[in-house]
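Since the structure comes first, as structure tokens, the remarks are kept for the end.
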Amino acid sequence: MVSSSQASATEAPRHRVVIVGGGFGGLHTAKHLSKSRYDVTLLDKRNFQLFQPLLYQVATGALTIGDIAIPQRVVLRKAANVTCLTATAYDIDPERRVVLHEYGELAYDTLVVATGVKHHYFGKDEWRAFAPGLKTAEHAIEMRRKIFGAFERAEMTDDPQLRDELLTFVIVGGGPTGVELAGAIGELAQKVMVRDFRRIDSRDARVLLVEGAPQVLPAFDEKLRVAARRHLEALGVKVITSTMVENVDAEGVRIRSGDTVTDIRARTVLWAAGVRASLFGQVLTERLGVPLDRGGRVRVAPDCSLPGHPDIFVIGDLARLTDARGREVPGLAPAAIQQGRYVAATLKRRANKKVALKPFYYRDLGSMAVIGMNRAVGDLRAFKVTGTFAWFLWAFVHIRALIDGSQRVRVFVQWFWKYLTRRVGDRLVTGAPTSTKTLRAERLDSPPPTPKP
């Protein structure tokens, strides 16, 4: 027979952990809470985890979305205590301990917020319509459409000025994303697509990288910044530094360097200049009064929890965290992964009533940026690398970091084929084409031509 105490223990509700955001931080928290004593729910507006460091390769045709994205429920299929839900969370009620989402609400005992970042246009959000950024699968497909669509239109036009505008590509921001985008487009134009067109020469394309700091990759070592610029220029990229963007519109960009203002006519402008924390940080401020920094990030305690709210954790790019050594933790994928594992370990220790973990310690493995085939720079703390060796090391690190084994195989095969043939696999111009009905309607609505005398 089962005693009454055993029955009550059996029927006691399990502790509910709700994780909002299924990126690096959220997914790794859920993964490391599998087979724990918690009931875990992973809530994300998309049903897949995206490997953002390789997103630029989707935008430039080297990989497909399927190569770098995987449904969260596939990763967590063996975690019987984890449920994956697809919905957009927009608010929380800390008094009732519920998360509000587009289809209802979700109760929690412990909340982990890992909603990441969005693009930051520094108060000029209207520029978004003309200069897409690169944070989501949709952004990558939009960029790919603009990049390869520009070459297709240039092949078609007989107007030399329009052709020049179509073959001018401006990337705003000289950090890792901007450098990688510029290098990939330069390689496409100078090496990959040279024989693909009949009326244009892809090598006539101009790729301009605009950066406000004196050099690209401002967070890297001086030697690596110089090497990165040299690699970019070898691919035909014009690097414009100490220059700010004053305007972006359908015709191009206006830039200022000192007292000199220049208008650049370009039909493709890509944004890589800055990011801002997601709007969920504002939600936490309104509901809990937690402070935000200038970038919209939430200031958290050394254990990644909100000060005064030990039941709520914020991790990843949304968190402003100083680690055990007094260093600010950067908004990088390795940091989010480590924070996810740390929070999962903290919750397990709480369940087992063990002593709390020491404050979070970030293990900094360094940073890398790739600039076309056989060109990369890396600051790995113990040593610095450039050139071909850096490129192979970068490839190894990124393949190893993919969360699923099948992804690793697909990306390896794609890169190996590209390395041997110099061919890019996915240059499809997809999404939002102008329909025949729209063209016909515009034609019918336009005034008839004036008859000749």
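Data overview
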read-out: Test result for LYS358, free of Cβ contacts under 8 Å to residues at least 40 places away in the same chain and over 16 Å from TRP415 (Cβ atoms); value: yes
read-out: Some residue of segment 377-387 being assigned to a helix (DSSP H, G or I) and within 30 Å of VAL112 (Cα to Cα); value: no
read-out: Residue in segment 52-86 that is modelled with the lowest pLDDT, counting only those that are of a type outside the set (A, V, I, L, M) and under 24 Å from GLY331 (Cβ atoms); value: ASP67
read-out: 3 or more residues more than 22 Å from THR136 (Cα to Cα) and out of contact with any helix residue (DSSP H, G or I) (no Cβ under 9 Å at 6 or more places or on another chain): qualifying strands (runs of 3 or more DSSP E) within segment 227-324; value: 252-257, 260-265
read-out: Matching residues, segment 205-226, being outside any helix (DSSP H, G or I), under 24 Å from the mean Cα position of the chain (by Cα) and not β-branched (Val, Ile, Thr); value: LEU208, LEU209, GLU211, GLY212, ALA213, GLN215, LEU217, PRO218, ALA219, PHE220, ASP221
read-out: Some residue of segment 183-193 being exposed (fewer than 14 other Cβ atoms within 10 Å of the Cβ) and not hydroxyl-bearing (Ser, Thr, Tyr); value: no
read-out: Any chance LYS146 is at pLDDT below 95 and surrounded by fewer than 23 Cβ atoms within 10 Å (Cβ to Cβ); value: no
read-out: Yes/no for GLN338 being surrounded by 12 or more Cβ atoms within 10 Å (Cβ to Cβ), assigned by TED's automatic domain parsing to the domain that holds GLY23, within 30 Å of VAL112 (Cβ to Cβ) and modelled with pLDDT of 75 or more; value: yes
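Each row is one residue, and each column tells you yes or no for (1) out of contact with any Pro (no Cβ under 9 Å at 6 or more places or on another chain); (2) surrounded by fewer than 16 Cβ atoms within 10 Å (Cβ to Cβ); (3) modelled with pLDDT of 95 or more; (4) under 30 Å from ALA227 (Cβ atoms).
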{"residue": "THR285", "(1), (2), (3), (4)": "no, yes, no, no"}
{"residue": "ARG327", "(1), (2), (3), (4)": "yes, yes, no, yes"}
{"residue": "ALA333", "(1), (2), (3), (4)": "no, no, no, yes"}
{"residue": "ALA351", "(1), (2), (3), (4)": "yes, yes, no, no"}
{"residue": "GLY378", "(1), (2), (3), (4)": "yes, no, no, yes"}
{"residue": "VAL385", "(1), (2), (3), (4)": "yes, no, no, yes"}
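The values are calculated or read from the model by the stated rules, or taken from the named source; none is laboratory data. Note that this is a predicted model, so its numbers are computed, not measured. Every residue, glycine among them, receives a Cβ derived from its backbone with ideal geometry; neighbour counts consider all protein chains shown.
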